[in-house]
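Values in this text are rule-based calculations from the coordinates and carry no lab data. On a predicted model such as this, the values are computed, not experimentally measured, just so you know. Don't worry about glycine lacking a Cβ; one is built from the backbone with ideal geometry, like all the others, and counts go over all protein chains shown.
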Amino acid sequence: MDYCRSHSDHFVLSLAFFLSTPMSNPLLFRPLPTVLVIVLALLLSACKSEVDRAKEEQARREARQTQIKQELAAKFGAIPDWNARFEKRLTTYTVDVQEALIRSDKKPILIEAFIEDITQENNTYVARLHNVESPTIHFVLECTAELATKLRSREGLDDVAVIASISSVTKAAIKLEASLPNSPDEPPDVEVSSSEVFTAKGALLAVEFLE
């Protein structure tokens, strides 16, 4: 909308200049209501065309992302729809996630995720990611130096498609949430509840940026 508004402002200025040139302006020979209708129609058309272009660009971006994920999954024989079983479930148990990620056919999975951190532990690189869709899973994946370098090649929260082989899935027993007290003399309020976040460990096999 800001882009459309800036173009509309430019259009108004151009129109004012155009109206100030009587000899070349056929609009001046029309009734004022007709001129206003024409101007409004042109403004709406300009805004609509910008919205349409934004939608088309979004569609192209999603198509590119889908192609990247399909090609990556096909290359490694990975399972892209491992989380389809969770779409309509209200309760997800650890055993359900274990069965989805630690596959009996030994096939890796494709994950769309955001990069949280990259660490080096005992000469081994570890990528920490969290997935985009439900259920919420933190992935802790060992990777090569080359893959770690690729993940570090961009800054910010990048959306990536990764191929991973998962060896274990766990879930924290409790979740602690603390809120700030009303005064410095009071202790923080701590709430204890059941955790809904899973942790999956394994190996990172490949990665491609989606943005």
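Taking other C-beta atoms within 10 Å as the exposure proxy, Y93, Y125 rank Y93, Y125 from fewest upward.
In order along segment 132-144, the Karplus-derived 3J(HN,Hα) couplings, from 6.51 cos²θ - 1.76 cosθ + 1.60 at θ = phi - 60°, round to 7, 9, 7, x, 6, 9, 8, 9, 10, 10, 6, 8, 6 Hz, and Gly and Pro are given as x. Backbone N atoms of segment 97-120 closer than 12 Å to the 7 Å Cα→Cβ label point of R152 belong to residues 118-120. Using a simple spin-label model with pseudo-atoms 7 Å out from Cα toward Cβ, E116 and R61 lie 2.5 nm apart. Annotation: amide H of D159 within the under-5 Å range of L210, E211, sequence separation 5 or more or interchain, hydrogens built in the peptide plane. A simple spin-label model places the labels of D105 and S167 2.3 nm from each other, with each point 7 Å out along Cα-to-Cβ. For D159, neighbours were defined as the other residues whose beta-carbon sits under 9 Å from its Cβ, and their charges (Lys and Arg +1, Asp and Glu -1) total -3. Close amide H contacts of L205 (hydrogens built in the peptide plane, cut-off under 5 Å, sequence separation of 5 or more or a different chain): I163, A164, S165.
Starting from 0.36 nm per residue, how many nanometres of slack lie between R89 and E208 once their C-alpha separation is accounted for? Provide the component values of the computation, followed by the final result.
Numbers: separation 119, 0.36 × 119 = 42.84 nm, distance 2.94 nm.
Stretched fully, the R89-E208 segment lengthens by 39.9 nm.
Measuring between alpha carbons in the structure, the pairs from K75/K201; K88/K171; K55/K75; K69/K201 lying more than 27 angstrom apart are K55/K75.
Residue exposure proxy: F76, F198, F114, ordered by other Cβ atoms within 10 angstrom of their Cβ from fewest to most, comes out as F114, F76, F198.
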